[in-house]
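Worksheet: one structure, shown below.
The values are calculated or read from the model by the stated rules, or taken from the named source; none is laboratory data. These figures come from a predicted structure and were not determined experimentally. Neighbour counts run over all protein chains shown; Cβ positions are idealised from the backbone, glycine included. We work out accessible area using only protein heavy atoms, side chains counted, and drop any ligands, DNA or RNA first. Shrake-Rupley method; radii C 1.70, N 1.55, O 1.52, S 1.80 Å.
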Amino acid sequence: MTPLLQVENIAKFYGARIGCTDVSFDLYPGEVMGIVGESGSGKSTLLNCLAGHLTPDDGSVQFDTRAEGLRDTITMSEPERRMLSRTDWAFVHQHARDGLRMNVSAGGNVGERLMAINARHYGDIRGSAIDWLGRVEISEDRIDDRPTAFSGGMQQRLQIARNLVTGPRLVFMDEPTGGLDVSVQARLLDLLRGLVREMNLSAIIVTHDLAVVRLLADRLMVMKDGHVIETGLTDQVLDDPQHAYTQLLVSSVLQV
Amino acid sequence: MSDYNFAYLDEQTKRMIRRAILKGLAIPGYQVPFASREMPMPYGWGTGGVQVSAAVLTPDDTFKVIDQGADDTTNAVSIRRFFQKTAGIAVTEATADASVIQTRHRIPEQVLRSDQIIVYQVPIPEPLRFLEPSEVETRKMHSLEEYGLMHVKLYEDISQHGDIATAYAYPVKVEGRYVMDPSPIPKFDNPKLEMAGIQLFGAGREQRIYAIPPYTKVVSLDFEDYPFQPTKADHACDLCAATDSYLDELIVDDEGSRMFMCSDTDYCSTRRKQGHNGAQGVPYAEDAA
Ligand SMILES: Nc1ncnc2c1ncn2[C@@H]1O[C@H](COP(=O)(O)OP(=O)(O)OP(=O)(O)O)[C@@H](O)[C@H]1O
Ligand SMILES: [Mg+2]
């Protein structure tokens, strides 16, 4: 089977400081990869390199495009990459306001990606928006409200709906549950798990919350100081960590 | 008049503006940056349009200026006087007699010919500004033809008002490529943007010039189930009985009586001279004095 994403030797430096380096992995269709590690370990840097928000200093990111098979997204033209960003890719930001248009209604936020790929029937666009609000448990009568009137958890669910409405094949998420209350987090995780399964999504989720990866990720990558220090099936890594740092990470969380 | 260079601006500046105009005509709907000059009038008074007019006027031209369709408002009168004084050119109120027409907020009712130029005063040239404040990002959207956001604006309109409520500055796509703000003309005028004349748009404060060459395809954006409609008041002109012109509504007394009249004053008076008489109109000759 062709991997959906083939990452080779990605490196990104901020001057002399390492953002991340020597990162290679394959992601297969339907697979969810978790990236964990302490603050400053390079998780966001890596994710942004993969999603085309940052240009890495070295390495390649091959994505299995619908039309032409594996293509290096780093060297492809900007219009092609931006087209991927609003069709086959989705990016869920930690802060919903970075991923939403706060001055546009919930329906407009969900509809934007459809209109960006030339949906031109208002009734259909609105129908999709209602459907997707329902799928992220936002009631239909909030469709014309702006996200500023929503709670943090609702904003995050709206961001997810806005991203998934075009049926992307790969979702990047950076701390999707960060900054939310524990009970709100649990509901969001449940929802995400349901959607991932239902849509057979491939995803890369960055988090420092091991509960999130336990629930969502098939495989895990542990990062420290910009390097990947351990990879494996999620249960394997969490239940039988090999690297001393991972052991520390797992035990410290379990003690909390 | 000899105190000024012809049409106020120096030849160097006019050449620079003409280059921007030619580039604009070569890339219909594309906003060309230009180095806007200080003009002896404040921004918001049509300094962009005035600079474009100054660059295209020749001593043989006949100049007309309208503001909201009228030749006799302060703004129109002062711009007309400005060019009379600095260029010594002939002026007119008759659309048919003008070779260059500078306008704010209207396109004349009378169909323009291929030997006429219309110059629009533009306050905000960027149609995407409403939802995307970043200039870097809007430029990228234009260059990559990413116009989904324009429809988000129309979507918001329908979801809030039940219909596309945008009545002025209604966005258009020019020759299948650039999305353009036609300046704050009523959407009733949008179909006229496909015309024989040359259309030039000048934004002074924002330092942009853009253009529509003759016979260019100009499509007003819409949805399949909410098609574009060039609406106007459902009424005839009370002075000249025209049913095909854009109307202003006036309250004429303390009881709130209304009157509808053509916003294009030249169109209205021409019709009245021809003998057309509206419900509240008096025959032309009688009130001419
Ligand atoms: N824009 C930047 N300029 C300079 N250094 C940066 C920049 N962004 C990140 N870094 C550095 O790169 C390293 C990795 O940062 P990164 O944000 O990727 O970590 P992270 O794992 O996402 O951390 P967190 O869990 O706090 O979000 C850190 O040393 C950080 O200080
Ligand atoms: Mg981070």
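Tabulated data for the structure shown
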quantity: Which numbered condition A:Asn109 misses (of (1) within 16 Å of A:Glu175 (Cα to Cα); (2) away from ligand 2 (no atom under 16 Å from the Cβ); (3) polar (S, T, N, Q)); calculated: (1)
quantity: Residues that are away from every other protein chain (no Cβ under 14 Å), without any contact (Cβ under 8 Å) to a residue 40 or more places away in the chain and open to solvent by less than 40 Å² (accessible area, probe 1.4 Å), drawn from region A:142-156; calculated: A:Gly153, A:Met154
quantity: Given (1) open to solvent by 50 Å² or more (accessible area, probe 1.4 Å); (2) over 22 Å from B:Pro191 (Cα atoms), index of the condition B:Arg113 fails; calculated: (2)
quantity: Among the residues listed as B:Pro184, B:Pro227, the single one being surrounded by fewer than 23 Cβ atoms within 10 Å (Cβ to Cβ) and in contact (Cβ under 8 Å) with a residue 12 or more places away in the chain; calculated: B:Pro184
quantity: Region A:45-57 - residue that is assigned to a loop (DSSP other than H, G, I, E, B) and open to solvent by 20 Å² or more (accessible area, probe 1.4 Å) and, of those, farthest from ligand 1 (Cβ to nearest atom); calculated: A:Gly52
quantity: Some residue of region B:81-88 being free of Cβ contacts under 8 Å to residues at least 40 places away in the same chain and surrounded by fewer than 20 Cβ atoms within 10 Å (Cβ to Cβ); calculated: yes
quantity: Residues of region A:74-96 satisfying the condition of being farther than 15 Å from A:Val171 by Cα and away from ligand 2 (no atom under 16 Å from the Cβ); calculated: A:Ile74, A:Thr75, A:Met76, A:Ser77, A:Glu78, A:Pro79, A:Glu80
quantity: Single unsatisfied condition, A:Met1 versus (1) over 23 Å from A:Val213 (Cα atoms); (2) within 13 Å of ligand 1 (Cβ to nearest atom); calculated: (2)
quantity: Qualifying positions in region B:117-163 - in contact with an Asp or Glu (Cβ under 8 Å, 6 or more places away or on another chain) and within 11 Å of another protein chain (Cβ to nearest Cβ); calculated: B:Lys140, B:Met141, B:Leu144, B:Gly148, B:Leu149, B:Val152, B:Leu154, B:Asp157, B:Ser159, B:Gln160, B:Asp163
quantity: In region A:13-44, the residues that are of a type outside the set (Gly, Ala, Ser) and near ligand 1 (Cβ under 6 Å from one of its atoms); calculated: A:Tyr14, A:Arg17, A:Lys43
quantity: Candidate set: region B:54-75, residues that are of a type in the set (Val, Ile, Thr) and modelled with pLDDT of 95 or more; chosen: the one most open to solvent (accessible area, probe 1.4 Å); calculated: B:Thr58
quantity: Residue in region A:41-57 that is away from ligand 2 (no atom under 16 Å from the Cβ), in contact with an Asp or Glu (Cβ under 9 Å, 6 or more places away or on another chain), in contact (Cβ under 8 Å) with a residue 40 or more places away in the chain and among the charged types (D, E, K, R) present; calculated: no
quantity: Residues that are of a type in the set (A, V, I, L, M) and in contact with a Leu (Cβ under 6 Å, 6 or more places away or on another chain), drawn from region B:243-276; calculated: B:Met259, B:Met261
quantity: Contacts under 7 angstrom Cβ, first residue in region A:157-179 being assigned to a strand (DSSP E or B), partner open to solvent by 10 Å² or more (accessible area, probe 1.4 Å) and hydroxyl-bearing (Ser, Thr, Tyr), 6 or more apart; calculated: A:Asp174/A:Ser44
quantity: Verdict on B:Ser245 being at pLDDT 95 or above, touching an Asp or Glu at 6+ places or on another chain (Cβ under 8 Å) and surrounded by 14 or more Cβ atoms within 10 Å (Cβ to Cβ); calculated: yes
quantity: Considering residues of region A:167-187 that are more than 16 Å from ligand 1 (Cβ to nearest atom) and crowded, with 20+ Cβ neighbours inside 10 Å only, the residue farthest from A:His95 (Cα to Cα); calculated: A:Arg169
